[in-house]
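The values are calculated or read from the model by the stated rules, or taken from the named source; none is laboratory data. Source: prediction; values computed, not measured. Virtual Cβ from ideal backbone geometry, glycine too; neighbours counted across all protein chains shown.
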Amino acid sequence: MATMTAFEAKTRFGELLNRVSAGEEVVITRHDKPVARLIPEGAPRLDDVRAAVDGLRELQQRIRRRRKGTLSDREARSAIDEGRL
């Protein structure tokens, strides 16, 4: 990940956009402190990915709790025929 001062980002904005659109992340600093992060549009945010993973894990646990056992071959075939599986 590249770091660039606010002054550099202002004077080289076109180049900065090209780098970001090519997939690079750039942190902009002011007085040596990070103040902004530029990422390509459409890139998944880490918080969003973590929330999605947590949601999937919760769903998986709920499904496990609801299961009362495994289906027999006959029950599975019946569910498939009825369009439930």
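Annotations
- Residue among Val26, Val49 that alone is within 22 Å of the chain's Cα centre (by Cα), of a type in the set (A, V, I, L, M, F, W, C) and surrounded by 11 or more Cβ atoms within 10 Å (Cβ to Cβ): Val26
Residues are listed down the side, and each one gets a yes or a no for (1) of a type in the set (Lys, Arg); (2) in contact with a strand residue (DSSP E or B) (Cβ under 9 Å, 6 or more places away or on another chain); (3) at pLDDT 90 or above:
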site	(1), (2), (3)
Ala6	no, yes, yes
Val27	no, yes, yes
Pro34	no, yes, yes
Ala43	no, no, no
Asp47	no, no, no
Arg67	yes, no, no
Thr70	no, no, no
Ala76	no, no, no
Ile80	no, no, no
